[in-house]
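Read through the structure below, which is laid out as structure tokens, and then see the notes.
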Amino acid sequence: MTKSEQLFAESLNHIPGGVNSPVRAFRGVGGQPFFAQRAEGARVWDVDGNEFIDYVGTWGPAILGHAHPAIIEAVKAAADRGTSFGIPSEPEVRMAQLVKDCVPSVEKVRMVNSGTEACMSAIRVARGFTDRPKIIKFDGCYHGHADSLLVKAGSGALTCGNPDSGGVPAEFTAHTIVLPFNDRDAVEQAFAVNAGQVAGIILEPVPGNAGVYLPREGYLEFLREITTTNGSLLIFDEVMTGFRVSLGGVQERFGITPDLSCFGKIIGGGLPVGAFGGRADVMDVLAPDGPVYQAGTLSGNPLAMAAGLAALEVLKNGTVHEQLEAKGDRLEAGLNAAAEKAGIPVITQRAGSMSCLFFAEQPVHNLADAMQADRERFKKYFHGMLAEGVYLAPSAFEAAFLSAAHTDADIDATIAAAENVMETL
Ligand SMILES: *Cc1c(COP(=O)(O)O)cnc(C)c1O
């Protein structure tokens, strides 16, 4: 037995499924997870001494690579001053300012502890501001695990067998309207049938939780217009895309101004952080100024703010995003060539450093398209790549993330591994 196997066997006795978040259990690909020992740069090492080039990047946060020195130093220095205050501290003000600098649609922002909390709170604000009950979401988009958003919710829910979660009474999702992504007619119909009832639309503007797919030409503009016309709010869940597809997220890359935005992952530099923000008049419905309640004992935590500030400063002041575009191109071209050489049909889809390889023949525009991909082939590919020392997310419905720490040599080694593995598929 390897040390990972021993730890997993032990873990199963204490933790449901042996994991603290379901996709980590490898159910989407079969087998068992390895246990991490440490991570640095683009690499992660397991407790048995195996080394992997990592494309999971702790599911998105590690855009600068693991254990970036600026983040580690900032967290250590913050810890020396105390781990939590429960009363305002300066780093919270600096963080709010920095988020606003990076994402101009954000006029006011509140910090929370996860992407789930950010999305849950944003829809509460939208409902409170508009005094309307209904929320439109899209199938395949994941907005965390709050009850009313856990409908047709992407990767973890898809591969762990419950697209709609147990433990959520039907009444709790009665006001959630689920539509296919990239389908304008469906949105127009929903507004017609629910006139005056729709508080807002929440979406991943570049979905990354059922694989990665892009909004069709004009689709985001259409959503901006139809929400405005109907007095509803447009909510961009940029928990995955924020600070990644560009410093200002999808809204900068595509030039759309949402009313509210949700953040997580990168904003915490690897610590548990989320945030939601947007128009000042909308955010001002929050307590203590307004009637919409939202709170958090550890929100704005000084260690978390220190890590997040350090990460965002590096992103804002450097050229990370330009470099990531070039790395993304290199990886995508190499993987496509490897597949072509092996005669395996693949579709690669990408926004900057966030990409996905579908074993499919047709481009993917929504969840139904993503479901057409060959998942059995993905399982073989995943395990083949792992054996070659490349760690991909253990699900056919996850994005692969490049970081600033991935070198061209890492990318070329990954392509070489893919050439070997594709031959065996
Ligand atoms: C990861 C993710 C969330 C949930 O964030 P957590 O920090 O895991 O709660 C919400 N929305 C999107 C788009 C995500 O990718």
Total charge of the residues flanking Gly343 in space, meaning their Cβ is under 13 Å from its Cβ, with Lys and Arg +1 and Asp and Glu -1, is -2
Between the alpha carbon centres of region 45-121 and region 347-425 the gap in Å comes to 26
Whole-Hz Karplus couplings 3J(HN,Hα) for region 205-212, θ = phi - 60° and coefficients 6.51, -1.76, 1.60, Gly and Pro as x, run x, 10, x, x, 10, 9, x, 10
Too long for a 19 Å Cα-Cα cut-off, among Lys100/Lys265; Lys100/Lys134; Lys100/Lys316, are Lys100/Lys134
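For each of Lys380, Lys341, count neighbouring Cβ atoms within 10 Å of the residue's Cβ, then give the residues from fewest to most.
Lys341, Lys380
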Taking a ≥ b ≥ c as the square roots of the eigenvalues of the Cα gyration tensor, with a/c under 1.5 meaning rounded and otherwise prolate when a/b exceeds b/c and oblate if not, region 85-317 is rounded
With the 8 Å Cα cutoff and a minimum separation of six or more residues, the chain has a relative contact order in percent of 23
Residues whose modelled amide H sits under 5 Å from the amide H of Lys108, counting only those 5 or more places away in sequence or on another chain, are Gly278, Ala280
Charge dipole of the chain built from unit charges on the beta carbon (Lys, Arg +1; Asp, Glu -1), centred at mean Cα; most positive-end Cα among Gln362, Phe397, His14 is His14
For Gly274, other-chain or 5+-apart residues with amide H closer than 5 Å (H placed, Pro excluded) are Val112, Asn113, Ser114
For region 85-317, averaging the sequence separation of alpha carbon pairs under 8 Å that lie six or more residues apart and dividing by its residue count, the contact order in percent is 29
Other residues with Cβ under 11 Å from the Cβ of Ile411 give, with Lys and Arg +1 and Asp and Glu -1, a net charge of -3
Neighbours of Leu214 by Cβ distance under 13 Å: Lys/Arg at +1, Asp/Glu at -1, summed charge 0
Stretched fully, the stretch from Asn20 through Ala387 gains (0.36 nm per residue minus C-alpha distance, one decimal, in nm) 129.7 nm
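Readers should treat all values here as calculations from the given coordinates under stated rules, not as data from a laboratory. Quantities reported herein were computed from a predicted structural model and do not represent experimental measurements. Note: ideal-geometry Cβ built from the backbone for every residue, glycine included; neighbour counts use all protein chains shown.
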